[in-house]
Amino acid sequence: MSEQNKNAVTADYQALDASHHLHPFTNTGALNKKGARIITHGEGVYLWDSEGQKILDGMAGLWCVNMGYGRQELVEASYEQMKKLPFYNTFFQTTHMPAAELAQEIASVTPEGLDHIFFANSGSEAVDTIIRMVRQYWAIKGKPYKNIIISRENAYHGSTVGGASLGGMSGMHKQGAPGVGGIERIRQPYWYGEAGDMSEEEFGIACAQALEEKILAVGPDNVACFIGEPIQGAGGVIVPPANYWGEIQKICQKYDILVAADEVICGFGRTGSWFGSQTFDIKPDIMSMAKGLSSGYLPISAVAVGERISSALIEHDDDFNHGFTYSGHPAAAAVALKNIQLMKEENIVDYVANDIGPYFQQKLREALADHPLTGHIEGTGLVAGIALVKDKEKKEFFPSDLDIGYICREHCFNNGLIMRAVGSRMVLSPPLVITHAEVDELCEKARLCFDLTLQSVS
Ligand SMILES: *Cc1c(COP(=O)(O)O)cnc(C)c1O
């Protein structure tokens, strides 16, 4: 958008934003020169900006607005609860109706055995809670030294010091290092990018084998837990080989290591099950969830705790010294409760599994698989990642000084589609309520923007 064409509202708010707002995960200096896009409102899968442009939100906000924008039921749930009780804590041997009801509602959709719920406000805080809880579990069991947590390169587990330390994002480790200790990492199961000549199956075994090697290197009796996202989201939507999680599961069982699933993106229907753990047959001892829990209408997160850990915590006659002022915040809990009820009423998980998910995956491949920029498409349900390549026959990636993902993302935004770039991967995670016609529109726009991107670099 050129300076001359901007309307006054846009110009004013860009100036205001530039003078006082530091943006997350952003080069704020560069942004201030360009001017932030001002999003004004949303309805269904669409957003509008201050220039009046209508944009199809292929990212559901930030992987979270699963039930779409403008849901009055969620707005009213929050309003009604705020009128009655806007806040009370859950520390002082007190509870309130929304927190108690939401805990039960979450337990009704989690995999069997994960029936106790601890509340926090963000995915990062839920992940921090997992770190604290699994270490406390082993301490209660008389093994305080069994405290190493193993995660993976290019994993995303949030941006608190705990979450950033646990995740495998090198750009984050470089800032604010050294972070939390007792964390080890293994390779990610990124078959298209890192498997060389290995088949998916061979690669799945090799990546799981890396876990066993790491466990043996640090000593099985020192390892508390392995944590992974069922599908890596912020790392670029990386779907592991089909045999990967089964192998990981066996290894953790062999050495008596807890399994944690970070379900912040995969949870609440994204992959066509309530949780990614169900899609990939993972048997987690503990799971973090956030984003889709409230469709992003208010911040809330939770940790679902399996019987093994919850019974140890409950039977241990002492406080668990962890929590947040807003753990189980009544208004946020009321919204999340209504959100899950709506998902059930509208059979949205079934819609993703058997209708719109397969349709989206098929249409996306029809639109983009034969495009010269498309190296590989992976995804399931309503989440997908596309590797952009310079030469698809030779599987040659673009040089790192050419930010192909950013170029593509800009074309998308300017043509009314939000697709996110993660390095040279384009990712999609639209609202779960997206219709067939909207999927068609999304795919047409994506094709057009891939063409424009190709022109930009030819
Ligand atoms: C987004 C995300 C987080 C962090 O959630 P915040 O609410 O941003 O703190 C943690 N884990 C995963 C898998 C995520 O996608």
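FYI, it's all coordinate maths here, none of it is from the lab. Treat the numbers as computed from the prediction; the structure is a model and nothing was measured. Because the Cβ atoms are built from the backbone with ideal geometry, glycine has one as well, and the counts that use them run over all protein chains shown.
Remarks
- When only the Cβ of Lys, Arg, Asp and Glu is charged (+1, +1, -1, -1), the dipole of the stretch 73-345 relative to its Cα centre reaches about 540 debye.
- Whole-Hz couplings from phi, Karplus 6.51/-1.76/1.60, listed for the stretch 174-187; x for Gly and Pro: 5, 10, x, 4, x, x, 7, x, x, 10, 10, 10, 10, 5
- Shown for the chain are the DSSP H helices of 27 Å or more along their axis, judged by Cα atoms, with a mean Kyte-Doolittle hydropathy of at least -1.0: 200-218, 436-457.
- Scanning the chain for chymotrypsin sites (Phe, Trp or Tyr not before Pro) that sit in a DSSP loop and have at most 14 other Cβ atoms within 10 Å, the longest stretch containing none of them is 146-319.
- Among 257, 286, a tally of other beta-carbon atoms within 10 Å of each Cβ gives an order, fewest to most, of 257, 286.
- Per-residue [θ]222 nm for the chain (sum of -39500 (n - 2.57) over DSSP H runs n ≥ 4, rounded to 500): -12000 deg cm²/dmol
- The listed peptides 173-181, 107-115, 146-154, ordered by packing as a protection proxy, come out as 146-154, 107-115, 173-181 (highest mean of other Cβ atoms within 10 Å first).
- Cα-centred dipole magnitude for the chain, charges only on beta-carbon of K, R (+1) and D, E (-1), debye, nearest 20: 860 debye
- Average silhouette area of the chain, convex hull of alpha-carbon atoms, in square nanometres: 22.4 nm²
- Taken as Cα centroids, the stretch 260-279 and the stretch 324-353 sit 14 Å apart, rounded to the nearest whole angstrom.
- For the pair the stretch 188-249 / the stretch 75-140, the C-alpha centres are spaced 30 Å from each other.
- Sorted ascending by nearby beta carbons within 10 Å, beginning with the fewest, 172, 289, 343 become 172, 343, 289.
- Rg over Rh, two decimals, the stretch 73-345 (C-alpha only, Kirkwood Rh): 0.97
- Annotation: the residues 71, 447, sorted from fewest to most other C-beta atoms within 10 Å of their own C-beta, follow the order 447, 71.
- Cleavage-rule hits, GluC sites (Glu not before Pro), the stretch 386-458, DSSP coil, Cβ neighbours within 10 Å at most 16: 393
- Per residue, the convex hull spanned by the alpha carbons of the stretch 197-271 comes to 105 Å³.
- Beta-bridge orientation, the stretch 73-345: approximately 45 percent antiparallel, per DSSP, counting only bridges with both partners inside.
- DSSP finds beta bridges in the chain, and of those with both partners inside it, around 65 percent are antiparallel.
- Residue pairs, from the table 291/338; 174/394; 143/254; 33/54; 174/395; 141/250, whose Cα atoms sit over 26 Å apart: 174/394; 174/395
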